[in-house]
Amino acid sequence: MTEPMRLQKFLSRAGIASRREAERLILQGRVRLNGERVVELGTKVDPASDRVEVDGRMVGVQPTRWILLHKPRGVLTTRHDPGGRPTVYGLLPADAQELRYLGRLDRNTEGLLVFTNAGDALHALTHPSSQVPRRYLARVVGVPGRDVMARLEVGIELEDGPARFEDVAVVRELSPESALLKLTLREGRKREVRRALEAVGHPVRGLRRTAFGPLRLGDLPQGSWRDLTPREVEALREAGGMPARVPREERTAPSPRRPR
């Protein structure tokens, strides 16, 4: 037997929106409960028996799911592309098409990308206040000196505000004209890593996100995905300042899956 829950929590659990965004949907009169328009935020719903619609589309609470994808270069982080270019949803299984991505990677950036239908967690982890660290490996033109490292850590002024990095270091020199850097960023503005490195005179030629908070890309092949373990979900929720919802027992990570 399921317990009644507030309507905004139901919409968040269904992956429609964060709770705050769900409240706006309700107040705008876009939500119906058993055929009746609802505008009261305290309204409760029984997920097992009540019918909920948003903008005329029926929604329901699905089991919470988290997926980690190794996004390849050249694939768009979007659901549909008018030009018919490949998107990340073409790499996910049919039963994961309703999941939403947590942050995005630009077309030419590869690496770790997370999908979920946990609306509250998605909102918390992408909110600027969460400060969840994103770790990158960047192949750049030239070999940055210590002065450049210092500038990146102090902050590079971009048109939309300063970009500050942590743990900046040269992993190795690839040639006299190229180097591999590691760096950590605690926000996710559009093309921020690329713009900052361009500003200090070391344009990016290859970029990979290797970690998001406690999650690691590891050796997951490009184009493959796997479900997160309960322990990983717990750690990720804690990184976003949310209470854990899964048992603390440690489980083995599932085998990676490739798109069919």
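Readers should treat all values here as calculations from the given coordinates under stated rules, not as data from a laboratory. Predicted model only: the values in this text are computed from it and were never measured. We place every Cβ from the backbone using ideal geometry, glycine too, and count neighbours over all the protein chains shown.
Just a few scattered comments:
- For the stretch 1-123, alpha-carbon Rg over 2.2 N^0.38 Å: 1.19
- Size descriptor, Kirkwood hydrodynamic radius, that averages inverse alpha-carbon separations across the stretch 123-176, Å: 13.2
- Distant-in-sequence amide H partners of Trp66 (H built 1.01 Å from N, under 5 Å): Leu228
- Rounded to whole Å, sorted largest first: equivalent-ellipsoid semi-axes of the stretch 5-59, Cα gyration tensor: 13, 12, 11
- Based on C-alpha pairs under 8 angstrom that are at least 6 apart in sequence, the chain has a relative contact order of 18 percent.
- Distance between the stretch 155-217 and the stretch 78-105 - C-alpha centres, whole angstrom: 25
- Label of the coordinate-derived value, Rg and Dmax of the Cα atoms in Å, listed as [x] 20.6, 69; [y] 17.8, 65; [z] 18.8, 73: [x]
- Where Cα atoms sit under 22 Å apart: lysine pairs in the chain separated by 8 or more or lying on different chains: 4
- Considering only Val88, Val38, Val233, the mean-square fluctuation computed in a Gaussian network model of the chain, springs between alpha carbons under 10 angstrom, is largest for Val38.
- Peptides 11-19, 222-230 ordered by average Cβ neighbours within 10 Å, highest first: 11-19, 222-230
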